[in-house]
Amino acid sequence: MKSDRRTLLGAGVLMSIFGSARLAAQTAPPAAGGELPPGLPQPGETIDLWPNGAPGMPAQPPVETTTERSEDALVTDRAVLGITVPRMAVFRPDRPNGAAVLLMPGGGYRHVVVDKEGYEMARWLTARGFTAFVLFYRLPYDGWEAGPDVCLSDAQRAMRLIRHRHADFAIDPERVAAMGFSAGGHLCADLGTRFARRTYAPVDDADALSAKPVCAAPIYPVVSMSLPHAHPGSRELLLGADPSPELEAAHSPDRMMPGDAPPFFLLHAEDDDVVPVENTLLLRAGLKARGIRVETHLFEHGGHGFGLRKAVGKPVEAWPELWRAWTKGAGLG
């Protein structure tokens, strides 16, 4: 088995060096008009998740729209909504280290914030040898047949596709992690706890593979769907205006913890005035109750949505290196 994996990884390295031009973008990265800032690498390669179109299309499909929210010409902050072609934007390192990270940006389940919590983190990861995949997931309020499971369907499918195509990217299929931010942190925790739940009908050989990440890192995550700790906007867009207690519990990862969940890395600022720190504490308690490995970092200051750019100059700036050091003992490093 080990020799087979080495052979596959070697083939992947050759593909990464000589054949990347053949893996061109399927669905173009988002654009919001105007010139993109110089010096910020943009993905030229994407992977559409569903070969025959996303399942359960609404009767009135949404229209994908990208909005540029940044007022700084040198920094992009695009928000994408109305996604009908779920996909991954691929960031390849110059020298792959054999590990990959599936990134799930936040956006309150209203849109997907692809720059601040996607592309920026992907660039950080590729500079350190990781292959990064930024997930453009469908949004639950658009009327998809899967309802509140639609985002998880895309995350599960993405994990399986990364493993299925690991040789194309010089990736060890057993070293694929998940990381998510805010509502994307909820999706990350959902994937880390409900990876085995069937949320869609299999479409090809990739769906025979596991969707379980080797480790999961929900960053300032939405976790609970029950008040008072739930983030009201995410809760309503995911579950509706008046969800039942049973529906709340089914979509609160701290209450859906399996005994075989992967190790978790948790991070939150205690002065977060958008998603209360209690969300991370509840998730930690749920992990501890099931005997799952978990590392938790709480910072006094940082607020919400700091990612990389808003952490500069604060103690919380250290968080990516804390995660990287932790991964070495969590199966990714």
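The set of residues in the range 273-286 being outside any helix (DSSP H, G or I) and either free of Cβ contacts under 8 Å to residues at least 24 places away in the same chain or over 15 Å from Gly184 (Cβ atoms) (or both) consists of Asp273, Pro276, Val277. Contact annotation: residue pairs with Cβ atoms under 8 Å, 6 or more positions apart or on different chains, pairing a residue in the range 91-103 that is without any contact (Cβ under 8 Å) to a residue 60 or more places away in the chain with a partner that is part of a loop (DSSP other than H, G, I, E, B) and crowded, with 20+ Cβ neighbours inside 10 Å, are Phe91/Pro43; Pro93/Phe130; Asn97/Phe130. Evaluating Ser226 against the criteria (1) over 20 Å from the mean Cα position of the chain (by Cα); (2) of a type in the set (Gly, Ala, Ser); (3) closer than 29 Å to Leu161 by Cβ leaves one unmet condition, (3). Restricting the range 295-319 to residues that are within 30 Å of Ser226 (Cα to Cα) and surrounded by fewer than 18 Cβ atoms within 10 Å (Cβ to Cβ), the residue that is nearest to the chain's Cα centre (by Cα) is Leu308.
Working only within the range 60-94, note down all residues that are in a strand (DSSP E or B) and buried (at least 17 other Cβ atoms within 10 Å of the Cβ). Those that are in a strand (DSSP E or B) and buried (at least 17 other Cβ atoms within 10 Å of the Cβ): Thr66, Arg78, Ala79, Val80, Leu81, Arg87, Met88, Ala89, Val90, Phe91. Among residues belonging to the range 33-48 that are more than 10 Å from Thr76 (Cβ to Cβ), small (Gly, Ala, Ser) and surrounded by fewer than 16 Cβ atoms within 10 Å (Cβ to Cβ), point out the one that is modelled with the lowest pLDDT. Residue satisfying both the conditions and the ranking: Gly33.
The values are calculated or read from the model by the stated rules, or taken from the named source; none is laboratory data. Bear in mind the structure is a predicted one, so any value in this text is a computation, not a measurement. Cβ sites come from the backbone with ideal geometry, for glycine too, and all protein chains shown count toward neighbours.
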